[in-house]
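Derivation of every value follows stated rules applied to the coordinates shown; laboratory data play no part. For clarity, every value in this text was computed on a predicted model and none was experimentally measured. Note that we place each Cβ from the backbone using ideal geometry, even for glycine, and neighbour counts take in every protein chain shown.
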There are 2 protein chains.
Amino acid sequence: MSSVSMHDQIRTLINERRDDYISLLSEWVQEATLPGHEQHYQQRIAERYQALGLDTDLWEIDIDTLADNPYFHCQRDSLAGSPNVVGTWKGAGGGRSLILNGHVDVVPEGDHDQWQDHPFSGHVSDGCLFGRGVTDMKGGNLSALIAVETLMALGIRLKGDVIVQSVVEEEAGGAGTLAALERGYTADAALIPEPSEQKLFPRQQGSRWFRLTVSGVKAHGGTRYEGVSALEKSVPVIQAIQALEARRNAELDDPLYAGVPIPLPINLGRIAGGDWPSSVPDDITMEGRIGVGPGETVAAAEQSLRDAMAALAEVDDWFIDHPVDVTFYGACWQPGGIDMDNPLVTQLADAFERVHGRQPAVQASPWGTDGGLLSQYGIPALVFGPGITRLAHHPDEHIRLDDVFAVAEIMALTLMDWCELADT
Amino acid sequence: MSSVSMHDQIRTLINERRDDYISLLSEWVQEATLPGHEQHYQQRIAERYQALGLDTDLWEIDIDTLADNPYFHCQRDSLAGSPNVVGTWKGAGGGRSLILNGHVDVVPEGDHDQWQDHPFSGHVSDGCLFGRGVTDMKGGNLSALIAVETLMALGIRLKGDVIVQSVVEEEAGGAGTLAALERGYTADAALIPEPSEQKLFPRQQGSRWFRLTVSGVKAHGGTRYEGVSALEKSVPVIQAIQALEARRNAELDDPLYAGVPIPLPINLGRIAGGDWPSSVPDDITMEGRIGVGPGETVAAAEQSLRDAMAALAEVDDWFIDHPVDVTFYGACWQPGGIDMDNPLVTQLADAFERVHGRQPAVQASPWGTDGGLLSQYGIPALVFGPGITRLAHHPDEHIRLDDVFAVAEIMALTLMDWCELADT
């Protein structure tokens, strides 16, 4: 059987099963797998893996065993109700193994009034499937499942193992993938079908949340000169953040960031302070995220922010005795990626071209995924998936179904190249 | 009887009654006259006025009759539980009349843990009486009552009327004094014993609360260049406010403001915006107060702020299609004052010198009082009272009792000069 006709068979089979898969994706969306509510969904996934014949492993994550891990970031006290599932398609031996990693947790749906339909409707309209989490990233998860199921249904045998991971907690710092790593799951590389708009993301920035507290001295607004406004003192802080961002990005030298206006953004996302129009505010808090370069550590990025805040003492004497308080909290995504000459990159680009008839875009990712964590554990990770980034985390999140199936086809072809066909 | 011996008699009588008055002030503080809780207190005041023989008027304020008044600013739907009391000491005729205006509402006591004792204890320690509202302004109210009671007890008869006003709602915009004005209470001048630290304040700035809303465009923090940060756009807004303040104060030409670093402050007291560290904030709100010059209208001050925000379009094109939204809300204090050559100013300065043996400080007030409202109704108003400004509205608010009695003495002497002694 030639590989061309194999491609045809893959495409044909995916097409035949299209409606079933659309129904499945709709059901997945309806499961509303908000953090802590993934149990039923993951049991269904485990049953599907078992029915396929994968070695299936569903387990509850014990937070205590992860607590001392430097990569552990979790805002929950317990991960009860949020098991991981891993299904391993054992290879015949001798080939490269691949992790297909996807998370099942979704971000909150927000104000229902901003949605045209129920946020977890899973309804299909104009070739798109709607609902919270369908872009980020149940659509991509379906692509991965289809790739494996299709190859298995066609009787294909691979040399390398394929490890399909259905993990929790990606949106909150990656405790699910960390638990899978600590459970011993490893491979020669990982492919993560996050919504990259079918671009290849061989680099991904990490990110770290931070909180800045600017101090002042309270006073009555009518004699505000008797106080020190923490809001006025926040202006040089904001400017220092902008300057730090400019400096960090100027130092970046990676062609994959060409054309990206700000490869490693520092975003100030929230500000709050003061309690009365006619009082001088003595306490302003700003919260944000700093992008961590693919070639740097989270600790180094943190230090650059601390240094920039400490340097404010040279701009304004106020900061000598009242330094900006810098804390890092909440979410943390590790930076990571894969070498451009890794065969996974070239094979996936080749498969893309066979499916779409054109070369794929290759860029650095503007956001983090669990791929960073996998990279830190020595597993090169490539992000490539269906769905449009800006639709994630928004009302009326939806995905074009054609893209889900195209990615499935590309993944199936890539699996055959990467893991290699075993002799049948 | 010579006026020197009259002064001696006044001082002696005040001294004799000192302990009773301290007990009375303590009871007043314990009444905890937060807005809506002035009923019992005002009834006691009315009873005291009646016992003195003043024409006593206690009435509930009907908000509906004030609603169309351009000076009406009130955050409550009803003023039930907050009656006004006015006591008139009718003069023999032919002399100048004087309003002694004091408010009985107090600001919230805040966090009890920040107080050494209960906020409404009224306890005396080291010559000071402690409790929320004792500085702002029950101490001054007591000075006024003592002045009237002392003169009456000494059998003195004045030509002009003395109208003692115990009003509500000063802290929230002056609806109490407005109601008294609309009820027909007027006089040739007014004296307000707010905590001026025994300085004469012949000018007082007004103030107006405002809210600025700065718009942006939401985006993910990792692609923040796809959005517009309302926080970054708030920086030129803050700078424009600072520039407006500098401009407005540079234009001010009044020797009473000499030595005041910022005569008419614009204070940004509160900021809030954004909802997620890793999202670009599209909505920042700032709330503040703008000082209104004694020679300008509130409307003119409002317009200067609107103009400054509109002018941002020349600094940054963003503001052309996304102008800063400016609203005025909540409290409003009218500016006002009294001519320096008004006999009330010279007589009070003279009485001060007779009591303290030195000339009083004369300044413009850094804050507003109901004196502004009285001025708008054609009644020149002078602020002079016991108590230290910065202790008002703070934990452990307290007043030096000696100051309360000294001001009572000065007010008694001033009443005799202003209203003139009638033939007995």
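Miscellaneous remarks
- Amide hydrogen neighbours beyond the local backbone of A:Ala190, cut-off 5 Å, H modeled: A:Ile99, A:Ala381, A:Leu382
- Hits among lysines - C-alpha to C-alpha of B:Lys90 under 19 Å, sequence gap 8 or more where chains match: B:Lys159
- Among the residues of A:384-391, the average count of other protein chain beta-carbon atoms within 10 Å of the residue beta-carbon is 1.
- Inter-label distance for A:Gln75 and A:Asp275, nm, one decimal - labels placed 7 Å from Cα along Cα-to-Cβ: 2.4 nm
- ³J(HN,Hα), Karplus 6.51/-1.76/1.60, whole Hz, each residue of segment A:195-211, x for Gly, Pro: x, 8, 6, 6, 8, 8, 10, x, 10, 9, 6, x, 7, 9, 7, 9, 10
- Using the Cβ-Cβ distance between A:Asp253 and B:Asp111 with R0 set to 45 Å, the FRET efficiency from 1/(1 + (r/R0)^6) comes to roughly 0.30.
- Compactness of the protein assembly as shown was expressed as the Cα radius of gyration divided by 2.2 N^0.38 Å, which yields 1.29.
- Net length gained if the chain between B:Thr285 and B:Asp126 were fully extended (0.36 nm per residue, minus Cα distance): 52.8 nm
- Shape call, chain B: gyration tensor on alpha carbons, a/c limit 1.5: prolate
- Placing a label point 7 Å from Cα along the Cα-to-Cβ axis, A:Ser78 is separated from the same position in the other copies by 4.8 nm, shortest listed first.
- Contact order normalised by residue count of chain B, Cα under 8 Å, 6+ apart, percent: 24 percent
- Label-point separation, A:Ala153 to B:Ala299 (7 Å along Cα→Cβ), nm: 7.7 nm
- In Hz, Karplus ³J(HN,Hα) per residue of segment A:42-54 (6.51, -1.76, 1.60; θ = phi - 60°; x = Gly, Pro): 5, 5, 4, 4, 4, 5, 5, 4, 4, 4, 6, x, 6
- Shielding of B:260-267 by partner chains, average beta-carbon count, 10 Å: 5
- Cα gyration tensor shape for segment A:208-332, rounded if a/c is under 1.5, else prolate or oblate: prolate
- Remark on A:Glu197: its backbone amide H falls under 5 Å from those of A:Gly385, A:Gly387, A:Thr389, a criterion applied only to residues 5 or more positions apart or on other chains, H modelled at 1.01 Å from N.
- The distance separating the Cα centre of segment A:361-424 from that of segment B:1-49 comes to 80 Å.
- Copy-to-copy label distances for A:Asp402, where each label lies 7 Å from Cα along Cα-to-Cβ, are 9.0 nm in order of increasing length.
- A point 7 Å from Cα along Cα→Cβ stands in for B:Glu182, and the other copies hold the same point at 6.8 nm, listed in rising order.
- Restricting the trypsin sites (Lys or Arg not before Pro) of segment A:282-362 to loop positions (DSSP other than H, G, I, E, B) with no more than 15 neighbouring Cβ atoms within 10 Å leaves A:Arg358.
- Between the amide H of A:Arg270 and those of A:Glu287, distances stay under 5 Å, these residues lying 5 or more places away or on another chain, with hydrogens modeled in the peptide plane.
- With contacts taken as Cα pairs under 8 Å and at least 6 residues apart, segment B:206-333 reaches a relative contact order of 42 percent.
- Three-way shape call for segment A:97-192 based on the alpha-carbon gyration tensor, with the a/c threshold at 1.5: oblate
- When peptides A:130-142, A:238-250, A:381-393, B:60-72 are ranked by their average number of other Cβ atoms within 10 Å per residue, the highest-first order is A:130-142, A:381-393, A:238-250, B:60-72.
- Amide N of segment A:387-424 lying under 13 Å from the label point, which is placed 7 angstrom from the Cα of A:Thr346 along Cα→Cβ: A:418
- Rough spin-label spacing in nm, given labels placed 7 Å along Cα→Cβ, for A:Arg358 and A:Thr65: 4.7 nm
- Note that segment B:129-145 has calculated 3J(HN,Hα) couplings of 10, 9, x, 4, x, 6, 7, 10, 8, 5, x, x, 4, 5, 3, 5, 4 Hz, one per residue in order, obtained from phi through the Karplus relation 6.51 cos²θ - 1.76 cosθ + 1.60 (θ = phi - 60°); glycine and proline are x.
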